[in-house]
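Enquirer: Got a structure for you, written out below as structure tokens; questions coming shortly.
The values are calculated or read from the model by the stated rules, or taken from the named source; none is laboratory data. Note that this is a predicted model, so its numbers are computed, not measured. In this analysis, Cβ positions are derived from the backbone assuming ideal geometry, glycine residues included, and neighbour counts consider all displayed protein chains. Areas reflect the complete protein model, heavy atoms only, side chains present, ligands, DNA and RNA absent. Shrake-Rupley method; radii C 1.70, N 1.55, O 1.52, S 1.80 Å.
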Amino acid sequence: MTYAQAKARFADWGVDTEAAITALLQIPISVHCWQGDDVRGFEAKSGTSGGGIQATGNHPGRARTPDELRADVDFAYSLLPGKHRLNLHACYLDTPETPDRDAIEYRHFTPWVDWARDRGLGLDFNPTFFAHAKADDNLTLSHPNQGIRDFWIEHGTRCREIGAEIGKALGSPVVNNIWVPDGYKDTPVDRMAARQRLQASLDAIFAAEHAKTHLLDAVESKLFGIGVEACTVGSHEFYLGYAIRKQILLCLDMGHFHPTENIADKLSATALSVPELLLHVSRPMRWDSDHVILQNDDILQMAQELVFANLLGKTHIGLDFFDATISRTAAWVVGVRNMQKALLRALLLPQSRLKQIEAAGDFTARLVLTEELRDLPFAQVWQEVCARADLPVGGALLGALETYQARVAGRG
Ligand code: RNT
Ligand code: ZN
């Protein structure tokens, strides 16, 4: 089937494929830098991630320097339709200096800003509350020791300042997302004290005002992590309440809920009470929250909710997975493309007709049509998007990914 034929099929349903393509190309995906090097970062003494998260595998080609990581991301972007963002973690600083986390400054990140400006890209940012001696017990902002809390408060405060500077320099607000690993392996007897300490530390970090045109604050909840099975201080209820009270962004990571929960269902429910949302699009599998995303029902439903609930304008879509058993650049390209394909499919559905049928109470028609619509020729529209941008699909995509992987495989 040609694109013209597919376009006609969609037109039969009242769907304009050109409008869908235009809308898709306006949606930036925030690409997470940490897939490129297995969440190691570029601090003098960087090691494994800790904090209940872990990248497993030893595939050749891990980026060892900021220059290598930038080259890898550039390559990934070159295979993606549209214009995207880069999501940096504080431990990815690019400087010959060796500041501790409580001493980082904007100037330690300016090579990233210059790189982003050259390419017209936006950046996002995250404080790094893990992989550090002061986080070895998986307690940071909720640590019982005031000195340790102060260290991490200083880190969080500086990250907001750095994020605001970056946002100002690039003319695009930086989403600064706070995730802390804080929690307990076994059942605590004083959850309240831990949560009060986390709350007070967050209040201290958020005390400074930054222009929303430069910085958007987000907080990310979690259910559990490795070694933090009994209690996560920053649970979903904790951060939902906190984000509403502070009117900041709530970050929903798709890997951070019980496996039978439907994260797509949470978008409309939370969006009514927080100003904007941040998504960490991910794929949980058993105890791991961070597999490369597939075109599975979870992702399709997420994209459909974003489109049907009219939430694209108030949702920042970021990816969060790390797989070190495959080509890291391929992981990025497949992950971003899957998110884009899911969004395109949602944009190509006859939304108003389906909503009318549901409002009329005709659930039979809703079932029949939603299942029949799965057979529409979405693939031809995606291939058209790629063809117009001169991007490979299918076997040609694999070839391009393998060629680059072969070039980086010799990295030690
Ligand atoms: C961890 C959180 C968090 C991290 C990144 C590296 O479970 O999902 O977002 O993955 O900050
Ligand atoms: Zn996350």
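Enquirer: Against the condition small (Gly, Ala, Ser), within 15 Å of ligand 1 (Cβ to nearest atom), surrounded by fewer than 20 Cβ atoms within 10 Å (Cβ to Cβ) and touching a residue at least 40 places away in the same chain (Cβ under 8 Å), how does Gly234 come out, does it pass?
Expert: Here the answer is no, as Gly234 does not meet what is asked.
Enquirer: Which of (1) on the phi > 0 side of the Ramachandran plot; (2) in a helix (DSSP H, G or I) does Ala131 not meet, given it meets every other one?
Expert: (2)
Enquirer: Continuing with the same structure: If you scan region 136-177, which residues turn out to be surrounded by fewer than 23 Cβ atoms within 10 Å (Cβ to Cβ) and among the aliphatic types (A, V, I, L, M)?
Expert: Residues satisfying the conditions are Ile148, Ile153, Ala169, Leu170.
Enquirer: Test Arg245 against the criterion of being open to solvent by 60 Å² or more (accessible area, probe 1.4 Å) and at positive phi, and give yes or no.
Expert: no
Enquirer: As an exercise: evaluate Ser49 against (1) of a type in the set (Ser, Thr, Tyr); (2) under 19 Å from Asp136 (Cβ atoms); (3) open to solvent by 10 Å² or more (accessible area, probe 1.4 Å) and give the number of the one condition it does not meet.
Expert: (3)
Enquirer: Right, another one. Quick check on my filter: what residues within region 241-275 are within 16 Å of ligand 1 (Cβ to nearest atom) and not in a loop (DSSP other than H, G, I, E, B)?
Expert: Ala243, Leu249, Leu250, Cys251, Leu252, Asp253, Ile263, Lys266
Enquirer: Find the residue count for region 142-156, including only residues that are farther than 14 Å from Ala208 by Cβ and either in a helix (DSSP H, G or I) or among the aliphatic types (A, V, I, L, M) (or both).
Expert: Total satisfying the criteria: 7.
Enquirer: Looking only at region 279-300, decide whether some residue is more than 16 Å from ligand 1 (Cβ to nearest atom), of a type in the set (A, V, I, L, M), within 30 Å of Ile166 (Cα to Cα) and within 19 Å of the chain's Cα centre (by Cα).
Expert: No, region 279-300 contains no residue that is more than 16 Å from ligand 1 (Cβ to nearest atom), of a type in the set (A, V, I, L, M), within 30 Å of Ile166 (Cα to Cα) and within 19 Å of the chain's Cα centre (by Cα).
Enquirer: Give region 299-327 a look and list any residue that's part of a helix (DSSP H, G or I) and either within 15 Å of ligand 2 (Cβ to nearest atom) or open to solvent by less than 10 Å² (accessible area, probe 1.4 Å) (or both), or say none. Walk me through it before giving the result.
Expert: First, the residues of region 299-327 that are part of a helix (DSSP H, G or I): 299-308, 312-314.
Correct list: Ile299, Met302, Ala303, Leu306.
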